[in-house]
Amino acid sequence: GAAVSDSGIRRGLTAVLTELERVGRHGYTQPELDRIRADYLRGMEQAYAERDKSQSGGFADEYVRNFLTGEAIPGISHEFERVKAILPGVTVADLNMVARAWLGSGAPVILVNAPAKNRAFLPTAADLLGLFASVKRADVAAYSENVSSDALVTEALPLAAIIAERRDTTLGTTEWTLANGAHVVLKATDYQADELLFQAMSPGGVSLAPDSLLASAQVAAQLVAISGLGAFPAVELQKKLAGKAAGVSAYIGSYDQGLSGRASPQDAETLFQLAYLHFTAPRLDSAAVGAFMGNVRAALANRSASPQTAFSDTLSVTLAQHHPRARPVTPAIIDELRPAAAFDFFKARFATAAGFTFFLVGNFNVDSIRPLVQRYIGNLPGRGIAERPRDTGIRSPTGVVERVVRKGIEQKSQTALVFTGPAEASRQERFALDALGDILDIRLREELREELGGTYGASVSASASRIPRPEYTVIINFGSAPERVDTLVGAVFAQIDSLKAQGPRAADLAKYKETAIRTRETDLRRNGWWLQLLLNARKENEDPATRFALEPQLVRLTPEVIQTAARTYFDTNRYVRVTLLPEGRTP
């Protein structure tokens, strides 16, 4: 299969057929088999290591496959032993025999899926079949490669100094301050046997890019991801990491930038090396970038034809009051992209470790991880001072704004109601807002779906942020038949009015508290939850212990608190309503 531009069907099919023919004529290579074998075995090792901490969903999926298809379920211990016994005996000749059997298995089926507007330009069946014959006649060379044997990091890095250490006995964390200004927060757990989660964050992000470089800044991290690191282009880096359970990617968000990664404990050094290279040796591969831009243009060519895209774009620009930094992605924006400027912006965002906080949560020993932190984080550049994100001036509307999007022919609609405004954003206020959103979600599910039968589901999302300024957002979303939109919107406002006038029902508040307790019990055994707790507290300059404490917040959560929150956050004189309807349909 291949995803191609509207005019690239012949070229895409030829490329796929050429690779099939290359395998058919020349076969696979030993290095290819070695890498895949290493990756496969590594994955089985990880599954085996987690055998006592496996999620219930994995077992359920296996039972379903056993019932439907007769798939055997001997258990990971037996599967792992069998893989270790069989895998070393798989040869290149075995692979080639299987691949050639595919190629000779009979007449192929060619399926082309393309926009109807291009019907006149599509190749005929005879054209496509003719490509088979032309590839068979072509001179197809054997596959060759030259993977560097160099280490990921070739420098001899000394152990940098840890100049301060602080332990939090409540949260079970250790924080180190390094001489280069970087901070490292560690939480060692036994929740998963084979999991290390890694995150790095520093304020700034795309907000610090001038308007003229906005498009370039927004894709800067993607361009590095497709280009590779150090001496390794992206494809060669993937080969270099065969058999390693470690990965790191960079991101540049609206108001911060950082790294995100995960690894098996035994591959922790590889994780730190990849983090080090993102700061010290990012690459810009012009060929990969050119292909990326071509692919994005092709993907965007028909983007506006999607009703859901038109709906979400309208909602976004309406909430941002058509601010230039909230433009939907279009081919015109891609034309503004300047790869060299994007690369420079990336390097500027990762020029110094000063201001960065690195988080590590998972199965590790603090003393064992110390030299890796000192070597790879401690030797990052430390010049400059920590930056702060810039308020770019995006503001939500202050009155009532309603928009109708007419797109598509399918007889269904989508409606979003969004309440926004300034917020205190204290821990107590956020907790009340979260509870308000969940309680309204319960009531809308009962009213819109079960009582009125008007939707398969309604969702409520409530949040508050301090960056770039204290503000809250409540999003109510539901789908329905077009003729029922106004009735269901009226039902939503009726439930809001009830919460404002009478507060929550006792059963709903009790259900929220019970769910919060059960969810917290599960979260406390999840590395990902701890990572987000520590990360978000640092991002908003908040004591993580205040986010950790649940019981005091639940005690303070009375019906009166929810009622006050409803009156505060559901200002019916300030909201945005966007409705998607089929073309030619009125509400």
| Of 584, 503, which residue is modelled with pLDDT under 95 and more than 27 Å from the chain's Cα centre (by Cα)? | 584
| remark: Apart from one, (1) open to solvent by less than 60 Å² (accessible area, probe 1.4 Å); (2) part of a helix (DSSP H, G or I) all hold for residue 579; the odd one out is (2)
| remark: The lone condition residue 149 fails out of (1) among the hydroxyl-bearing types (Ser, Thr, Tyr); (2) surrounded by 15 or more Cβ atoms within 10 Å (Cβ to Cβ); (3) without any contact (Cβ under 8 Å) to a residue 24 or more places away in the chain is (2)
| message | Return the residues of the range 100-121 that are open to solvent by 80 Å² or more (accessible area, probe 1.4 Å), of a type in the set (A, V, I, L, M, F, W, C) and within 33 Å of the chain's Cα centre (by Cα); say none if nothing qualifies. | response | 111
| request: Within the range 207-226, work out how many residues are in contact with a strand residue (DSSP E or B) (Cβ under 7 Å, 6 or more places away or on another chain) and either without any contact (Cβ under 8 Å) to a residue 12 or more places away in the chain or surrounded by fewer than 23 Cβ atoms within 10 Å (Cβ to Cβ) (or both). | output: 1
| Quick check, is residue 200 crowded, with 20+ Cβ neighbours inside 10 Å, over 24 Å from the mean Cα position of the chain (by Cα) and under 24 Å from residue 382 (Cα atoms)? | no
| said: Just to be sure before I move on: is residue 24 within 29 Å of residue 142 (Cα to Cα), in contact (Cβ under 8 Å) with a residue 40 or more places away in the chain and of a type in the set (Gly, Ala, Ser) in the structure I sent? | reply: yes
| task | Identify the single condition in (1) in contact with a helix residue (DSSP H, G or I) (Cβ under 7 Å, 6 or more places away or on another chain); (2) over 16 Å from residue 222 (Cα atoms); (3) at pLDDT below 95 that residue 293 does not satisfy, given that it satisfies every other one. | result | (2)
| task | Just give me the residues in the range 11-31 being of a type in the set (D, E, K, R) and surrounded by 16 or more Cβ atoms within 10 Å (Cβ to Cβ), in sequence order. | result | 21, 22
| field | Residue match in the range 257-267 (condition: open to solvent by less than 30 Å² (accessible area, probe 1.4 Å), hydrophobic (A, V, I, L, M, F, W, C) and either at pLDDT 95 or above or within 23 Å of residue 383 (Cα to Cα) (or both)) | value | yes
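For every residue, the table says whether it meets (1) part of a loop (DSSP other than H, G, I, E, B); (2) among the hydrophobic types (A, V, I, L, M, F, W, C).
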position	(1), (2)
79	no, no
152	yes, yes
170	yes, no
176	no, yes
| message | Suppose the filter is loosely packed, with under 11 Cβ neighbours inside 10 Å and hydrophobic (A, V, I, L, M, F, W, C); does residue 179 pass it? | response | no
| remark: Expected single match for in a helix (DSSP H, G or I) and of a type outside the set (A, V, I, L, M) among 146, 113, 96 is 96
| message | With the requirement that a residue be farther than 29 Å from residue 164 by Cα and open to solvent by 40 Å² or more (accessible area, probe 1.4 Å), what does the range 371-401 give you? | response | 390, 391, 394, 395, 398, 400
| remark: Flagged in the range 302-348 as among the small types (Gly, Ala, Ser), over 23 Å from residue 205 (Cα atoms) and not in a helix (DSSP H, G or I), in numbering order, are 306
| For residue 443, are the conditions met, namely being touching a strand residue (DSSP E or B) at 6+ places or on another chain (Cβ under 6 Å) and basic (Lys, Arg)? | no
| query | How many residues, within the range 205-229, are at pLDDT below 95 and either among the charged types (D, E, K, R) or at positive phi (or both)? | reply | 1
| request: Test residue 318 against the stated conditions and say whether it is touching a residue at least 40 places away in the same chain (Cβ under 8 Å), among the polar types (S, T, N, Q) and closer than 30 Å to residue 280 by Cα. | output: no
| message | Condition first: part of a loop (DSSP other than H, G, I, E, B) and either of a type in the set (D, E, K, R) or modelled with pLDDT of 95 or more (or both). Now tell me which residues in the range 400-411 satisfy that. | response | 407, 410
| said: Tell me the residue from 368, 461 that is open to solvent by 20 Å² or more (accessible area, probe 1.4 Å), part of a strand (DSSP E or B) and not β-branched (Val, Ile, Thr), please. | reply: 461
| query | Just one of 248, 235, 184 is closer than 30 Å to residue 38 by Cα and either in a strand (DSSP E or B) or open to solvent by less than 40 Å² (accessible area, probe 1.4 Å) (or both); which is it? | reply | 248
| task | Inspect all residues belonging to the range 522-536 and state whether any of them is of a type in the set (Ser, Thr, Tyr) and open to solvent by less than 20 Å² (accessible area, probe 1.4 Å). | result | no
| Which of the residues belonging to the range 313-350 are open to solvent by 30 Å² or more (accessible area, probe 1.4 Å), more than 23 Å from the chain's Cα centre (by Cα) and among the small types (Gly, Ala, Ser)? | 332, 340, 348
| query | Just checking, how many residues over the range 154-168 are assigned to a loop (DSSP other than H, G, I, E, B) and either of a type in the set (A, V, I, L, M) or surrounded by 15 or more Cβ atoms within 10 Å (Cβ to Cβ) (or both)? | reply | 5
| said: Taking the conditions exactly as written (in a helix (DSSP H, G or I), within 30 Å of residue 167 (Cα to Cα) and open to solvent by less than 60 Å² (accessible area, probe 1.4 Å)), does residue 519 satisfy them or not? | reply: no
| remark: Residue hits (the range 421-442; open to solvent by less than 20 Å² (accessible area, probe 1.4 Å) and outside any loop (DSSP other than H, G, I, E, B)) are 421, 432, 433, 435, 436, 437, 439, 440, 442
| query | If you scan the range 39-62, which residues turn out to be open to solvent by less than 70 Å² (accessible area, probe 1.4 Å), closer than 21 Å to residue 526 by Cβ, out of contact with any Phe, Trp or Tyr (no Cβ under 8 Å at 6 or more places or on another chain) and part of a helix (DSSP H, G or I)? | reply | 46, 49, 57, 58, 60
| task | State all residues of the range 478-493 that are touching a residue at least 40 places away in the same chain (Cβ under 8 Å), surrounded by fewer than 17 Cβ atoms within 10 Å (Cβ to Cβ) and under 23 Å from residue 398 (Cα atoms); if no residue qualifies, say none. | result | 486, 493
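The values are calculated or read from the model by the stated rules, or taken from the named source; none is laboratory data. The structure presented is a predicted model; accordingly, all values stated were derived computationally and were not measured. Glycine gets a Cβ as well: all are built from the backbone with ideal geometry, and neighbour counts include every protein chain shown. Just so you know, the surface numbers come from the protein's heavy atoms only, side chains and all, with ligands and any DNA or RNA stripped out. Shrake-Rupley method; radii C 1.70, N 1.55, O 1.52, S 1.80 Å.
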